[in-house]
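K.L.:
Dumping the structure here so I can ask a few things about it.
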Amino acid sequence: MNRRRFLQGLTLLGAGALVRPTWALPSGPRKLVLVHLFGGNDGLNTLVPWSDPDYRKARPTLALSRDQVLPIASGLGLHAALKPLLPLWERGKMAIFQGVGCSQPDRSHFVSSHLWHTAGGREGWLGRLADTQGWQTAQVDQESACEALWTPAQSPLCVHPGQPPLDQDPQWMQQALEGLYAGSSSRHLGQTYKQMNELKSKLARCQGEDWQGPPLRASLRTLLELWSMARVFHVTVGGFDTHGGQDKGHRQALTEVAQALAEFYTGLQAKGLENDTAILVYSEFGRRVQENASQGTDHGGAAPLFLLGGRVQGKLYGEHPSLTRLQDGDLKCHWDFRQIYASLLEDWLATDSTSILGGRFEKIPCWS
Amino acid sequence: MTSLREACWLLRCCGFGAAPRQVQWVRRQGYTRAVDHWLSQTSATPAPEGWARWRVQSLIDWWLERMFQPQGFLLEKMTLFWHGFFTTSSDPVFAAALLLRQNQMLRDNAWGRFGDLLQQVSRDPAMLVYLDGFRNKKAHPNENFAREVMELFTVGPGLYSEEDLREAARAFTGWGVDWLRGGTFRYNLREHDDGPKKFLDLRGNLDGTRVLQRLASDPACALHVCQRLWSFFTGHPTEVQESQRLARVFVASHGNLKVVLRNLLLGDAFRACASLRTSIKSPLEYVLGLSQVADVRSWWGMNDLKKLGQLPFLPPNVAGWSQGDGWINTATLGERLRLVRQMQHARSNWMQKVRDLLQGCSPGQAAERLLWSTHQLDASPELRSVVADAYSHGRPLPEVVQLILASPEAQLR
């Protein structure tokens with residue numbers, strides 16, 4: 001049931017008979033946060049089929065044993081580094097879709113990221129969303145290479161976390177620049193400078209040592225400060241291209257993601273925003289089932305995808321992909337990633353997914 | 001005499017900055033002669049020393065050094081255009097030697113015939129790796145290159161069917177890389193599908209060469225290339241009439257790129273853009289321009305270029321960098337201003353020269369000299385008065401210089 005149909009239902013019931021379900025309580029606009037784990041996260045060592053003998057066979061040095069995972073279902077566990085997210089799982093606020101990808105995967109970071117960013121079209125899916133809805137978007141990371149994601153809309157608010165603030169400059173200079181930019185012959189320059197000034201007050205707190213540290217943590221903390229300024233946020237974090245010596249690097253990367261997400265989620269709760277927020281954590285591909293000769297894994301196919309939020313129906317979706325029926329050495333996908341996009345667009349943001357995704361993709365009911 | 005503004009515009013579009021000496025040279029020579037002089041420069045580029053051991057980093061340094069030179073910048077600009085047009089990224093093509101060879105090839109053919117350039121690019125090992133051409137075999141055709149060569153490199157979408165695309169991919173089968181001979185082009189006939197094919201209006205046992213010839217001579221290809229040239233050299237969105245005019249020149253000259261580029265730069269439409277003052281400098285233009293101002297190199301790092309949004313050999317996607325307004329967002333503008341702030345700390349020698357130059361000047365004269373020193377000869381009256389005002393209020397000179405270089409005009413061509 002989408003928001004509009006639900007509201008229609010309310011009218012039919014009549015106001016007197018209305019018993020408000022919790023999710024009809026007055027709340028702010030629904031928002032979407034996307035976190036891209038760039039590099040190709042090893043899904044098999046994230047949601048781990050630890051008891052599967054084929055898993056141990058394919059991963060002679062990298063396989064995690066029962067005491068290295070957090071069991072969440074029969075034979076399945078989360079990498080122990082994800083412990084900070086366990087409370088969310090236990091509260092039913094984290095959905096895990098198993099085996100997400102597409103039928104014609106590509107093993108280039110570049111091409112595959114482009115695919116996820118454009119949903120297979122020439123323009124970005126978030127750009128089309130922003131364009132059709134007239135929404136402000138924001139990108140909070142050190143990347144500049146996401147531009148395909150945002151076409152054809154106006155550029156998003158972009159923030160590099162930890163960038164020194166403008167007000168380091170003397171007051172007279174700031175005033176002079178403000179005047180020059182306001183009168184600039186380039187409207188785009190003038191507008192961007194104005195937006196930058198609006199951001200300035202929001203970002204004033206995001207300075208100093210406390211805002212350094214792991215990039216995703218800095219990004220998400222900064223993002224929370226900007227909350228009121230956009231509807232859709234995108235963050236990229238690297239460190240997942242684990243071709244060699246994967247064990248340590250992957251654990252480190254997952255730890256940082258889990259800690260940052262848990263802290264972010266707590267921040268949302270503290271501001272009463274949990275129920276207005278959906279957080280999608282994805283990667284451009286998973287990794288090869290068979291580990292390589294350098295205790296690492298190479299670029300692969302399908303992988304699990306995580307969705308967090310107060311309205312999310314937290315559970316495991318789909319089945320774990322088979323470790324023996326492979327596609328060119330990679331896990332096959334059970335869900336097309338655009339099905340998740342469609343569920344977000346239709347059921348979470350109440351928009352038309354067909355025009356944004358350039359086709360009809362079957363939704364996955366995953367909201368409570 | 002060419003106007004000051006027009007000379008600055010021409011230099012910033014054709015190169016990476018408008019140093020006063022160059023501006024004066026253009027004004028003395030005259031607009032047309034200046035363009036013809038730049039177009040007459042040779043393209044021979046011997047391989048740099050020790051390149052065999054290079055990493056991508058050295059390659060970037062080498063190229064930026066070439067862009068920095070007072071001669072040959074138009075050729076480097078055109079090479080940069082082709083680098084963004086026939087994109088190849090150091091992810092996944094991390095072999096610097098292949099990227100260097102491609103870069104040399106683009107430079108050597110930068111203003112030759114488009115048809116020749118297209119044939120060379122399609123046989124280029126870095127490109128064969130980047131768009132999976134080397135995986136394209138008779139038994140398992142890979143369509144990646146065939147798709148992009150039509151959609152991005154020649155005719156543009158809408159003029160061919162998926163069937164044409166599959167047939168083109170068949171025609172390219174067997175083109176690959178000979179890794180045993182240092183990664184050179186190799187046509188493996190055993191992997192080539194020599195069956196009959198139907199591609200657009202062609203029939204027969206077509207090979208890659210024939211398909212590329214057909215594409216390069218299509219009027220739609222002429223228009224596509226001219227539109228991209230226009231937006232690269234002006235930083236403005238496509239101008240329909242001017243692109244069509246240039247496309248006619250392209251067709252009439254059989255894709256002679258020097259003729260097309262000359263027509264673009266001498267055209268009324270291009271010259272009229274000078275007065276708009278809305279074309280945003282690319283990050284490379286901005287950074288190299290700042291370097292020219294203080295005559296220092298590499299006070300910035302590769303990470304700065306990445307944050308500004310333009311690191312050579314790492315284009316954002318297969319369609320290359322978007323030009324114009326796309327360069328500026330709230331983060332990249334902030335990075336530009338940060339860089340200027342850093343630069344003023346790093347440049348004490350140069351600042352001393354500026355100080356000497358301003359001895360005993362009136363505020364008006366000082367403003368002129370400061371704008372001269374910061375290569376803003378064509379500054380607007382608004383900027384002039386802000387600078388004169390700052391000077392007469394006794395603002396510290398490094399701060400006034402920072403203001404000029406951070407101003408919106410310094411972001412524009």
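K.L.:
Of the residues B:Val400, B:Val386, B:Val318, which single one is within 12 Å of chain A (Cβ to nearest Cβ), within 30 Å of B:Val56 (Cβ to Cβ) and of a type in the set (A, V, I, L, M)? It would help to see each step written out before you state the result.
P.N.:
Numbers: B:Val400 fails: within 30 Å of B:Val56 (Cβ to Cβ); B:Val386 fails: within 30 Å of B:Val56 (Cβ to Cβ).
Step by step, each of B:Val400, B:Val386, B:Val318 is checked, and only B:Val318 is within 12 Å of chain A (Cβ to nearest Cβ), within 30 Å of B:Val56 (Cβ to Cβ) and of a type in the set (A, V, I, L, M).
K.L.:
State whether one or more residues within segment A:193-206 are part of a helix (DSSP H, G or I) and touching a Phe, Trp or Tyr at 6+ places or on another chain (Cβ under 7 Å).
P.N.:
yes
K.L.:
Output the number of residues of segment A:106-145 satisfying the condition of being assigned to a helix (DSSP H, G or I) and over 16 Å from A:Arg231 (Cα atoms).
P.N.:
Filtering segment A:106-145 down to residues assigned to a helix (DSSP H, G or I) leaves A:109-118, A:125-133.
Retained after the next criterion (residues that are over 16 Å from A:Arg231 (Cα atoms)): A:109-118.
Within segment A:106-145, residues that are assigned to a helix (DSSP H, G or I) and over 16 Å from A:Arg231 (Cα atoms) number 10.
K.L.:
Can you report the number of residues in segment B:291-312 which are within 14 Å of chain A (Cβ to nearest Cβ) and over 20 Å from B:Thr87 (Cα atoms)?
P.N.:
3
K.L.:
Does segment B:14-21 contain any residue that is outside any helix (DSSP H, G or I), at pLDDT 90 or above and more than 22 Å from B:Gly324 (Cβ to Cβ)?
P.N.:
Looking through segment B:14-21, at least one residue is outside any helix (DSSP H, G or I), at pLDDT 90 or above and more than 22 Å from B:Gly324 (Cβ to Cβ).
K.L.:
Mind telling me which of the residues A:Ala130, A:Ala176 ends up being under 24 Å from A:Phe337 (Cα atoms) and either within 11 Å of another protein chain (Cβ to nearest Cβ) or buried (at least 21 other Cβ atoms within 10 Å of the Cβ) (or both)?
P.N.:
Of the residues listed, the single one that is under 24 Å from A:Phe337 (Cα atoms) and either within 11 Å of another protein chain (Cβ to nearest Cβ) or buried (at least 21 other Cβ atoms within 10 Å of the Cβ) (or both) is A:Ala130.
K.L.:
Name, by its number, the condition in (1) at pLDDT below 95; (2) within 18 Å of the chain's Cα centre (by Cα); (3) not in a loop (DSSP other than H, G, I, E, B) that does not hold for A:Gly39.
P.N.:
Here A:Gly39 clears every test but (3).
K.L.:
Ok, one more. Condition check: aromatic (Phe, Trp, Tyr) and touching a residue at least 60 places away in the same chain (Cβ under 8 Å). Does B:Trp175 satisfy that?
P.N.:
no
K.L.:
For residues that are crowded, with 18+ Cβ neighbours inside 10 Å and closer than 14 Å to B:Arg297 by Cβ, scanning just segment B:48-65, find the one that is farthest from the chain's Cα centre (by Cα).
P.N.:
Only one residue tops the list, namely B:Ile60.
K.L.:
For segment B:150-205, give me every one of the strands (runs of 3 or more DSSP E) that falls completely inside it and has 1 or more residues that are out of contact with any Pro (no Cβ under 7 Å at 6 or more places or on another chain) and crowded, with 17+ Cβ neighbours inside 10 Å. Break it down stepwise before answering.
P.N.:
Numbers: elements: B:175-178, B:184-187, B:197-199, B:202-204.
Filter on segment B:150-205 gives B:175-178, B:184-187, B:197-199.
K.L.:
If A:Trp135 meets every condition in (1) more than 9 Å from chain B (Cβ to nearest Cβ); (2) crowded, with 20+ Cβ neighbours inside 10 Å apart from one, which number is that one?
P.N.:
Result: A:Trp135 fails condition (2) only.
K.L.:
When you go through B:Gly156, B:Gly204, B:Gly255, B:Gly235 one by one, which is the residue that is more than 25 Å from A:Arg122 (Cβ to Cβ), touching a residue at least 12 places away in the same chain (Cβ under 8 Å) and among the small types (Gly, Ala, Ser)?
P.N.:
Unique residue meeting the criteria: B:Gly255.
K.L.:
List the residue pairs whose Cβ atoms are under 7 Å apart, where the first residue sits in segment B:347-365 and is modelled with pLDDT of 85 or more, the second is exposed (fewer than 14 other Cβ atoms within 10 Å of the Cβ), and the two are 6 or more positions apart or on different chains.
P.N.:
What qualifies is B:Pro363/B:Ser392.
K.L.:
Is it true that some residue in segment A:311-328 is part of a strand (DSSP E or B), of a type outside the set (Phe, Trp, Tyr) and out of contact with any Gly (no Cβ under 9 Å at 6 or more places or on another chain)?
P.N.:
Yes: segment A:311-328 contains one or more residues that are part of a strand (DSSP E or B), of a type outside the set (Phe, Trp, Tyr) and out of contact with any Gly (no Cβ under 9 Å at 6 or more places or on another chain).
K.L.:
If I ask for residues that are under 17 Å from A:Gly314 (Cα atoms) and buried (at least 17 other Cβ atoms within 10 Å of the Cβ), which ones from segment A:80-98 would you list?
P.N.:
Passing the criteria: A:Leu82, A:Pro84, A:Leu85, A:Leu88, A:Trp89, A:Lys93, A:Met94, A:Ala95, A:Ile96, A:Phe97, A:Gln98.
K.L.:
Could you say whether any residue in segment A:146-167 is in a loop (DSSP other than H, G, I, E, B), of a type in the set (D, E, K, R) and either without any contact (Cβ under 8 Å) to a residue 60 or more places away in the chain or at the interface with chain B (Cβ under 7 Å from one of its Cβ atoms) (or both)?
P.N.:
no
K.L.:
Further question on the same structure: If I filter segment B:134-160 down to residues being over 31 Å from the mean Cα position of the chain (by Cα) and modelled with pLDDT of 90 or more, which single residue comes out as farthest from the other protein chains (Cβ to nearest Cβ)?
P.N.:
Of everything passing the filter in segment B:134-160, B:Lys138 is farthest from the other protein chains (Cβ to nearest Cβ).
K.L.:
Looking at this structure, is B:Leu412 touching a Leu at 6+ places or on another chain (Cβ under 9 Å), facing chain A (nearest Cβ under 10 Å), touching a residue at least 12 places away in the same chain (Cβ under 8 Å) and on the phi < 0 side of the Ramachandran plot?
P.N.:
yes
K.L.:
Anything in segment B:340-364 that is more than 11 Å from chain A (Cβ to nearest Cβ), under 30 Å from A:Cys158 (Cβ atoms) and either among the hydrophobic types (A, V, I, L, M, F, W, C) or over 31 Å from the mean Cα position of the chain (by Cα) (or both)? List them, or say none.
P.N.:
Matches in segment B:340-364: B:Met343, B:Ala346.
K.L.:
With more than 8 Å from every other protein chain (Cβ to nearest Cβ), buried (at least 16 other Cβ atoms within 10 Å of the Cβ) and at pLDDT 85 or above as the only criterion, which of A:Gln191, A:Gln171, A:Gln195 stands out? Walk me through how you get there before you give the answer.
P.N.:
Numbers: A:Gln171 fails: buried (at least 16 other Cβ atoms within 10 Å of the Cβ); A:Gln195 fails: more than 8 Å from every other protein chain (Cβ to nearest Cβ).
Residue meeting the stated conditions: A:Gln191.
K.L.:
Please find, among B:Thr88, B:Thr45, the residue that is more than 21 Å from B:Arg262 (Cβ to Cβ), in contact with a helix residue (DSSP H, G or I) (Cβ under 7 Å, 6 or more places away or on another chain), surrounded by 22 or more Cβ atoms within 10 Å (Cβ to Cβ) and not charged (D, E, K, R).
P.N.:
B:Thr88
K.L.:
Could you tell me which of the residues A:Thr236, A:Thr222 is within 14 Å of another protein chain (Cβ to nearest Cβ), in a helix (DSSP H, G or I), closer than 25 Å to A:Arg30 by Cα and in contact (Cβ under 8 Å) with a residue 24 or more places away in the chain?
P.N.:
On the way: A:Thr236 fails: in a helix (DSSP H, G or I).
After applying the criteria, what remains is A:Thr222.
K.L.:
Is it fair to say B:Ala367 is within 14 Å of chain A (Cβ to nearest Cβ) and closer than 30 Å to A:Gln136 by Cβ?
P.N.:
no
K.L.:
State the number of residues belonging to segment A:99-113 that are polar (S, T, N, Q), buried (at least 20 other Cβ atoms within 10 Å of the Cβ) and out of contact with any Pro (no Cβ under 9 Å at 6 or more places or on another chain).
P.N.:
Adding up the residues that qualify gives 1.
K.L.:
Another question about this same structure. Among the residues of segment B:322-331, what is the count of those that are buried (at least 21 other Cβ atoms within 10 Å of the Cβ) and either more than 7 Å from every other protein chain (Cβ to nearest Cβ) or within 13 Å of the chain's Cα centre (by Cα) (or both)? Steps first, answer last, please.
P.N.:
Pass one, segment B:322-331, residues buried (at least 21 other Cβ atoms within 10 Å of the Cβ): B:323, B:325, B:327-331.
Among the residues that remain, those that are also either more than 7 Å from every other protein chain (Cβ to nearest Cβ) or within 13 Å of the chain's Cα centre (by Cα) (or both) are: B:323, B:327.
Qualifying residue count for the region: 2.
K.L.:
Kindly list, by first and then second residue, each pair from a residue in segment B:324-339 that is closer than 19 Å to B:Arg12 by Cβ to a residue that is among the acidic types (Asp, Glu) and modelled with pLDDT of 90 or more, limited to pairs with Cβ atoms under 8 Å and residues at least 6 apart or on different chains.
P.N.:
Matching pairs, first to second residue: B:Leu339/B:Asp304.
The values are calculated or read from the model by the stated rules, or taken from the named source; none is laboratory data. Values in this document were obtained by computation on a predicted structure and should not be read as measured data. Note: ideal-geometry Cβ built from the backbone for every residue, glycine included; neighbour counts use all protein chains shown.
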